[in-house]
Amino acid sequence: MKQNSPQTQNPVRWEVAQNIVEYPEALGRMKKIVAHIQEGTGPETVWLLEHPSVYTLGTSSVKSDLLNPGDTPVFETGRGGKITYHGPGQRVGYVMLNLKSREPDLRRYIWTLEELLIRVLAEFTVKAERRSGRIGLWVVNTNQQEEKIAAIGVRIEKWVTYHGFALNVAPNLECFKGIIPCGLKDFGVTSLEKLGIKSPLREIDGALKKHFFELF
């Protein structure tokens, strides 16, 4: 992808939410930012945040993947992919870019998001890998089992992207038991914390920003 550094005339706005953001609030704000980008009246934006515990249904979701939501709210959303969990301790990144002015290639865009997370996790000594037919990033645990550490789900309207990625830093992994994450029942879920790595979100955010501007 064509790089767009902070020194260009139309830099990407980088935001980090200081408080947990309710899911409907985030959806509404994303749509407004996307509309401004489409109209040429606002900058491309990366927004990093945490959500309260929620399950979100992508456009490919099936209700049978929602096993036992309990009191956790469930939201239908327009992003691609299946069902996933968001909650405190998970770094969610909403990436709103104009691919018309970059590279109008959805597969390349998703590959670049994956590459961003691979480079970030490598800084914390985690080897994350792609798997054919499975969007997102995977690690091999000490039992040689594959577990998912990051999910990707995007939507594109008029070549402007939104939604993005969710990186498991230190969420409550028990919450993933209420669903079949991303419709993949044969694989587990992991986090940096589960891998024995305790890193504050600000350190994750710093790595995300550095590698984002290298790749985009």
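The values are calculated or read from the model by the stated rules, or taken from the named source; none is laboratory data. Only a predicted model underlies this, so the values are computations on that prediction, with no experimental measurement involved. Note: ideal-geometry Cβ built from the backbone for every residue, glycine included; neighbour counts use all protein chains shown. The area values use the complete protein model at the heavy-atom level, side chains included, leaving out ligands, DNA and RNA. Shrake-Rupley method; radii C 1.70, N 1.55, O 1.52, S 1.80 Å.
Before moving on, here are some points about what is shown:
- Residue check for Gly93: under 19 Å from Pro11 (Cβ atoms) and either open to solvent by less than 30 Å² (accessible area, probe 1.4 Å) or touching a strand residue (DSSP E or B) at 6+ places or on another chain (Cβ under 6 Å) (or both): yes
- The set of residues from the range 1-15 being surrounded by 15 or more Cβ atoms within 10 Å (Cβ to Cβ) and modelled with pLDDT of 95 or more comprises Val12, Trp14.
- Just so you know, in the range 158-193 the residues that are open to solvent by 50 Å² or more (accessible area, probe 1.4 Å) and modelled with pLDDT of 95 or more include one that is farthest from Gln144 (Cα to Cα), and it is Lys158.
- Residue check for Ile149: within 27 Å of Pro88 (Cβ to Cβ), surrounded by 18 or more Cβ atoms within 10 Å (Cβ to Cβ) and modelled with pLDDT of 95 or more: yes
- Residue that is most open to solvent (accessible area, probe 1.4 Å), among those in the range 25-51 that are free of Cβ contacts under 8 Å to residues at least 60 places away in the same chain and among the small types (Gly, Ala, Ser): Gly40
- The requirement of being open to solvent by 10 Å² or more (accessible area, probe 1.4 Å), within 19 Å of Ile156 (Cα to Cα) and among the acidic types (Asp, Glu) is satisfied by Glu103.
- A search for C-beta distances below 9 Å between a residue of the range 58-76 that is part of a helix (DSSP H, G or I) and any residue that is at pLDDT below 90 and open to solvent by 60 Å² or more (accessible area, probe 1.4 Å), counting only pairs 6+ apart in sequence or on different chains, returns Asp65/Lys82; Asp65/Lys185.
- Wholly within the range 105-213, strands (runs of 3 or more DSSP E) carrying at least 2 residues that are more than 21 Å from Leu48 (Cα to Cα) and basic (Lys, Arg): 129-131
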